[in-house]
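**Student:** Please see the structure below; I have some questions.
Taken together, the values in this text are just the output of simple stated rules run on the coordinates, not laboratory data. Only a predicted model underlies this, so the values are computations on that prediction, with no experimental measurement involved. FYI the Cβ positions are ideal-geometry reconstructions off the backbone, even for glycines, and counts take in every protein chain you see.
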Amino acid sequence: MRILIINGPNINMLGSREKGIYGAKSYKEMCIFLRDEAEKLDMEIDIVQSNCEGEIVGYIQESFEKHDGIIINPGAYTHYSIAIYDALKSVNVPTVEVHISNIYSREEFRKKSITAEACIGQICGFGIYGYILGMLGLKQRCGLL
């Protein structure tokens, strides 16, 4: 099973950004952790990150017929990107939205996800382990668990 993990704006700043919310692991450390865990689950993953909405749309479109699933952390685009929503709907690739923090226990504007409506599920509040939960969810959805 091949999964694309897409990280949006500021996820590349993990480890230095609001450690009380996002943890102390750097983005590079998180990617190593995710690759190690994916290998244990017999999954192949590609990981990308962009601070630009159009690049994220491009990654989604490129996943068509290339990946069996997507895990996306759209960052701030979660709350207003119809372009990302439309891209997810257009490729018909099962997608799980992941957030490191619990977006529902934060500022009011973070409590609405536009992009989640294009996903099969959403995981938030479990730190970077949420990505592993997303992998498991996609594996189960594809009948591999």
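**Student:** Which three semi-axes in whole Å describe the equivalent ellipsoid of the chain, each the square root of 5 times a Cα gyration tensor eigenvalue, listed largest first? Show your work: numbers first, answer last.
**Tutor:** Values: eigenvalues 85, 69, 39 Å².
Each semi-axis is √(5λ); the values are 21, 19, 14 Å.
**Student:** Now for a different question. At 0.36 nm per residue, and after removing the present C-alpha to C-alpha distance, how many nm does the segment from residue 145 to residue 48 gain when stretched out fully? Provide the component values of the computation, followed by the final result.
**Tutor:** On the way: separation 97, 0.36 × 97 = 34.92 nm, distance 2.55 nm.
Full-extension gain reported as 32.4 nm.
**Student:** Rounding to the nearest 20 debye, state how big the charge dipole of region 28-145 is about its Cα centre with +1 on each Lys and Arg Cβ and -1 on each Asp and Glu Cβ.
**Tutor:** Details: 11 positive and 17 negative charges, 78 e Å.
The calculation lands at about 380 debye.
**Student:** Also: Between residue 90 and residue 39, what FRET efficiency comes out of the Förster formula 1/(1 + (r/R0)^6) with R0 = 35 Å and r the beta carbon distance, rounded to 0.05?
**Tutor:** On the way: r = 30 Å, r/R0 = 0.87.
With R0 = 35 Å, the Cβ-Cβ based efficiency is 0.70.
**Student:** Using helices alone, I'd like the mean residue ellipticity at 222 nm for the chain: each DSSP H run of four-plus residues gives -39500 (n - 2.57), total over residue count, nearest 500.
**Tutor:** Details: 5 runs with 51 residues, N = 145.
-10500 deg cm²/dmol, from helical runs alone.
**Student:** Taking amide H atoms as placed 1.01 Å from N in the peptide plane, list the residues 5 or more away in sequence, or in a different chain, whose amide H sits under 5 Å from that of residue 14.
**Tutor:** Under 5 Å from the amide H of residue 14: 27.
**Student:** Okay, moving on. Taking a 19 Å limit on the Cα-Cα distance, which of the listed pairs 66/89; 25/112; 40/139 fall beyond it?
**Tutor:** Working: 66/89 16 Å; 25/112 27 Å; 40/139 13 Å.
Flagged as over cut-off: 25/112.
**Student:** Residues in region 84-121, backbone N under 15 Å from the label point at residue 66 (7 Å along the Cα-to-beta-carbon vector): list them, ranges by number please.
**Tutor:** Flagged as within label range: 88, 91-93.
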